[in-house]
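Engineer: The structure that follows is given in the form of structure tokens.
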Amino acid sequence: MDEQTERWRLILGSAADPEQSVELKGDTKGIDMALEAVYDSQRKGGLGASSPSVNRWLGDIRRYFPTTIVQVLQRDALERLNLQRMLLEPELLEAVVPDVHLVASLLTLNKILPDKSRESARLVVRRLVDEIEKKLRLPLEQAIRTSLQRQQPVRNPHFSAIDWHRTIRKNLKHYQSDYQTIIPVDLIGYRKHRRRFKHIILLMDQSGSMASSVVYAGILACLMSSVSSLHTHVIAFDTQVVDLSEHLSDPVDLLFATQLGGGTHIAKALRYAESLISAPADTVLLLLSDLHEGPLPHEMLHRSAQIKAMGVNFIALLALNDEGSPAYNRDIAMTLAGMGIPAFASSPDAFPDLLAKILDGKPVGADDGR
């Protein structure tokens, strides 16, 4: 049997070959069984009702597929087969490969996790946190520090602050051939900004559609709080508002303090954020939300206009994940944009450079996010 025929059989499943004319053997047969357990809706029993069956399947997919595919299969199994018990039993939790969607599901079930599962769940979340921190900590810290301590060009600087490379380039037109030298008519140098402290207020929408964004945002907020030049507040909201800033020292504690899956009352969150603002010109407000306001939106828009008028650098992040274009309330996003409040999504990888531009006070938009 040629490889192409075998691949088509794996793609189409056993329903496409009722007479079993394509014989699968060895690992190929194992791959087929692992895929059938999730995607063949006609198969009786699926993964079965027993933990050993699920545990065996988790081991099989780790054996046959790369990590990125394992994460997709786990997510599809949760959604298609309603395998919430995978997240409630310690022995199964220990076998899963953590990803953002799995952690979001765990956080959604946080309040009903049995005590014996809670520690296993925290370990799963910790593994994901460590992975994301390893990837994003250095780029984020470098972007923030570079932005806050950037050197400012200045003309006629003190001798010790002259930038000789730029000065020479600027004065090449003043080259004197008789003396074989350049007359430095224009001296170019720099002075350092005085150390600036910025206040970051992150408002996180906890509604179910924002789950993966909340996971990334919680971890990034903790990383931001570790930079001494930033004073960071992180506030989660649904129809209630909860200040989670006391948990910024540990992203796992912060994520488990969220209440994913509630409604949305952005105006109430903005009212609380406004009470935290003492120096508007040095404050950045990041509203992470798809802007599907539960109550009438006029109060939310009124609050937004008030905060913008104070001089706060106000950005609406429609999503903070790798999932492509988000679903969001386009009318509200356009209204905010008309107020000078840009509304766009960002990937986690793009966030450090985006934050640097925001801290610099530079214009930002959709091209900075993805």
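Engineer: Determine, yes or no, whether Asp130 is closer than 17 Å to Thr67 by Cβ and free of Cβ contacts under 8 Å to residues at least 24 places away in the same chain.
Structural biologist: For Asp130, the condition - closer than 17 Å to Thr67 by Cβ and free of Cβ contacts under 8 Å to residues at least 24 places away in the same chain - is met.
Engineer: Here's something else I'd like to know. Which numbered condition trips up Pro348, out of (1) in a helix (DSSP H, G or I); (2) in contact with a helix residue (DSSP H, G or I) (Cβ under 7 Å, 6 or more places away or on another chain); (3) open to solvent by less than 40 Å² (accessible area, probe 1.4 Å); (4) of a type outside the set (D, E, K, R)?
Structural biologist: The one condition Pro348 does not meet is (1).
Engineer: Quick one: would you say Tyr175 is of a type in the set (Phe, Trp, Tyr), open to solvent by 20 Å² or more (accessible area, probe 1.4 Å) and within 20 Å of the chain's Cα centre (by Cα)?
Structural biologist: For Tyr175, the condition - of a type in the set (Phe, Trp, Tyr), open to solvent by 20 Å² or more (accessible area, probe 1.4 Å) and within 20 Å of the chain's Cα centre (by Cα) - is not met.
Engineer: Please go through the stretch 206-223 and pick out each residue that is touching an Asp or Glu at 6+ places or on another chain (Cβ under 7 Å), within 15 Å of Thr264 (Cα to Cα) and either surrounded by 23 or more Cβ atoms within 10 Å (Cβ to Cβ) or β-branched (Val, Ile, Thr) (or both).
Structural biologist: Within the stretch 206-223, Gln206, Met210 qualify.
Engineer: Next up: Val124 versus (1) open to solvent by less than 30 Å² (accessible area, probe 1.4 Å); (2) assigned to a helix (DSSP H, G or I); (3) modelled with pLDDT under 85; (4) within 19 Å of Ala211 (Cβ to Cβ): which is the lone unmet condition?
Structural biologist: (3)
Engineer: Condition first: open to solvent by less than 40 Å² (accessible area, probe 1.4 Å) and out of contact with any Leu (no Cβ under 9 Å at 6 or more places or on another chain). Now tell me which residues in the stretch 280-292 satisfy that.
Structural biologist: Matches in the stretch 280-292: Pro280 only.
Engineer: What number goes with the only condition from (1) in a helix (DSSP H, G or I); (2) at pLDDT below 75; (3) hydroxyl-bearing (Ser, Thr, Tyr) that Thr68 does not pass?
Structural biologist: (2)
Engineer: Out of (1) free of Cβ contacts under 8 Å to residues at least 40 places away in the same chain; (2) under 17 Å from Val125 (Cβ atoms), what's the single condition that is false for Glu274?
Structural biologist: (2) is the only condition that Glu274 fails.
Engineer: Okay, next question. Does at least one position in the stretch 42-64 carry a residue that is open to solvent by 90 Å² or more (accessible area, probe 1.4 Å), in a helix (DSSP H, G or I), at pLDDT 80 or above and out of contact with any His (no Cβ under 6 Å at 6 or more places or on another chain)?
Structural biologist: yes
Engineer: Same structure again: I need a count of the residues in the stretch 313-342 that are open to solvent by 40 Å² or more (accessible area, probe 1.4 Å) and within 15 Å of the chain's Cα centre (by Cα).
Structural biologist: The number of residues fulfilling the criteria is 3.
Engineer: Still on this structure: Just give me the residues in the stretch 149-164 being open to solvent by 90 Å² or more (accessible area, probe 1.4 Å) and modelled with pLDDT of 80 or more, in sequence order.
Structural biologist: Of everything in the stretch 149-164, just one residue is open to solvent by 90 Å² or more (accessible area, probe 1.4 Å) and modelled with pLDDT of 80 or more, namely Trp164.
The values are calculated or read from the model by the stated rules, or taken from the named source; none is laboratory data. Note that the coordinates shown come from a computational prediction; the quantities given were computed from them, not determined experimentally. Glycine also receives a Cβ, built like all others from the backbone with ideal geometry; neighbour counts cover every protein chain displayed. Just the protein is used for accessible areas: all its heavy atoms, side chains included, with ligands, DNA and RNA removed. Shrake-Rupley method; radii C 1.70, N 1.55, O 1.52, S 1.80 Å.
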